[in-house]
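I have placed the structure first, in the form of structure tokens, so that the comments after it can refer back to it.
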Amino acid sequence: MLNNIDVMAVAARCLHDEAAAVESIVAQLDDSFEQAVALMLRSTGRVIVTGVGKSGHVAAKIAATLASTGTPAFCLNPLDAFHGDLGMLTADDVVLALSNSGQTDELLRLVPYIKEHSIPLIGISGNADSLLARHADIHIRLHIEHEACPLNLAPTSSTTAQLALGDALAIALMQVRHFEATDFAQFHPGGSIGRRLLTTAHDVMRTEDLPVISPEASLTEAVTQVSRSRLGLVVPVEEGKVVGILTDGDVRRAMETLQQQFFHTSVRSVMTHSPKCVPETMKITQVQAIMHRCKIHAVLVTDPQGQLIGIVDSFSCML
């Protein structure tokens, strides 16, 4: 309790109110949403997202999400627009304007310019009779009963709903564009997501002191090699080509099964004859998927002739 206020209860009520506001959007969706997606999809320019005040902050986030998911976009501040930034708009663009009331003066001042230059306008507001709704080519109604603010004044639930609707537009566009993880990585090359999606087996594979052994070698020699390799495995190679893999697990099971015969048994007798081999060009995310699916901790990197050129283990994949 702070000053006789149960702040935990206040937080819970706020979150419930905003969650309810987002949930209410579903029932309000109609053909205008699909029309807006189609209009942005057809555009050969960019989506110019704009709003004033808190809606302006939301507009910036929506523009950023669109841009990072395959739809060229940027945020235009209506206050800056009349001091030179109107020059950023072209007839190939689409304007996405946000206003809870649909009557925001600074935003509406953009409308004559947009109309004069035949730029399509998508409006999002809570009032279907607002000036923004009347002048928009497509209007998406986003009506919120009350704000999470106890005074019902500070934009809270309404801006959360705007943000969620913007995400819905971006995700819908992703789907119809068939935007894939590799496309996402192109726009995020500097982050961990981009590194993981763009990194290949070649970038992380171990290439020095590879634990190569003859398939005719004894398991006694193999045990020494497995221990020395620090990878928990050796790679049987014959005539320059990979013919199997022997892991520390294989060695332990052979010890239990063969007992006294263990030291007189060849690697070929107990090795796995069909190891998981991948090309050096394979993305590390695909390599990880193979290791997870097959429940193994390493894969062999081979060239088209089947020669060993590297090894990728689970630690190599930790980017």
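The values are calculated or read from the model by the stated rules, or taken from the named source; none is laboratory data. Source: prediction; values computed, not measured. Note that we place each Cβ from the backbone using ideal geometry, even for glycine, and neighbour counts take in every protein chain shown. Only protein heavy atoms, including side chains, enter the accessible area calculation; ligands, DNA and RNA are left aside. Shrake-Rupley method; radii C 1.70, N 1.55, O 1.52, S 1.80 Å.
State, as an integer percentage, the relative contact order of segment 7-135 based on alpha-carbon contacts under 8 Å between residues 6 or more apart. Working shown, then result.
On the way: 171 pairs, mean separation 28.8, N = 129.
Relative contact order comes out at 22 percent.
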Top of 92, 17, 80 by mean-square fluctuation, Gaussian network on the chain, Cα under 10 Å: 80
For segment 203-319, what does the relative contact order come out to in percent, with C-alpha contacts under 8 Å and a separation of six or more? 29
Percent antiparallel among DSSP beta bridges confined to segment 1-157, rounded to 5, stands at 5
Identify which of the listed values of Cα extents along the principal axes in Å was calculated from the structure shown: (i) 65, 46, 37; (ii) 89, 56, 34; (iii) 71, 46, 41. (ii)
To the nearest Å, what is the center-to-center distance of segment 297-319 and segment 129-143, using C-alpha atoms only? 57
Restricting things to Cα coordinates, could you compute the convex hull volume per residue of segment 237-281 in Å³? 81
Taking amide hydrogens as modeled 1.01 Å from N in the peptide plane, which residues meet the under 5 Å criterion relative to residue 301, leaving out close sequence neighbours? 278, 309, 310, 311, 312
HN-Hα J couplings of segment 124-134 from phi, Karplus 6.51/-1.76/1.60, θ = phi - 60°, integer Hz, Gly and Pro as x? 10, 8, x, 10, 5, 9, 6, 4, 4, 5, 5
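Using only DSSP helix segments of four residues or longer, with each worth -39500 (n - 2.57), what per-residue ellipticity at 222 nm results for the chain after dividing by its residue count and rounding to 500? The partial results should precede the final answer.
Numbers: 15 runs with 143 residues, N = 319.
Calculated at 222 nm, the ellipticity per residue is -13000 deg cm²/dmol.
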Indicate, rounded to the nearest 5 percent, the antiparallel portion of the DSSP beta bridges found entirely in the chain. 40
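Work out how much length residue 1 to residue 30 would gain on full extension: take 0.36 nm times their residue separation and subtract the Cα-Cα distance, in nm to one decimal.
6.0 nm
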Computed over the chain, the relative contact order (Cα-Cα under 8 Å, seq sep at least six) in percent reads 14
Give the Rg/Rh ratio for segment 1-154, taking Rg as the radius of gyration of the Cα atoms and Rh as the Kirkwood radius, to two decimals. 1.03
How far is it, in nm, from the label point at residue 198 to the one at residue 103 when both lie 7 Å from their Cα along the line to the Cβ? 4.9
Solvent exposure of the chain as accessible area per residue, Å², 1.4 Å probe: 54
Angle between the Cα long axis of helix 31-42 and the longest principal axis of the chain, 0 to 90 degrees, nearest 10? 70
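When the accessible area of the chain is computed with all protein chains present and a 1.4 Å probe, what percentage of it is carbon and sulfur? It would help to have the intermediate numbers written out before the result.
Details: 9290 of 17180 Å².
Here carbon and sulfur together make up 54 percent of the probe-accessible area.
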Would you mind checking the tilt of helix 54-68 against the longest principal axis of the Cα atoms of the chain, expressed as 0 to 90 degrees and rounded to 10? 40
Proximal aspartates and glutamates relative to residue 241, as straight alpha-carbon distance under 12 Å, when same-chain residues fewer than 8 apart are discounted: 303
Take the alpha carbon gyration tensor of segment 32-109, find the square roots of its eigenvalues, order them as a ≥ b ≥ c, and report rounded if a/c is under 1.5; if not, report prolate when a/b exceeds b/c, else oblate. prolate
Using only Cα atoms, tell me the angle between helix 7-28 and the longest principal axis of the chain; keep it within 0 to 90° and round to the nearest 10. 80
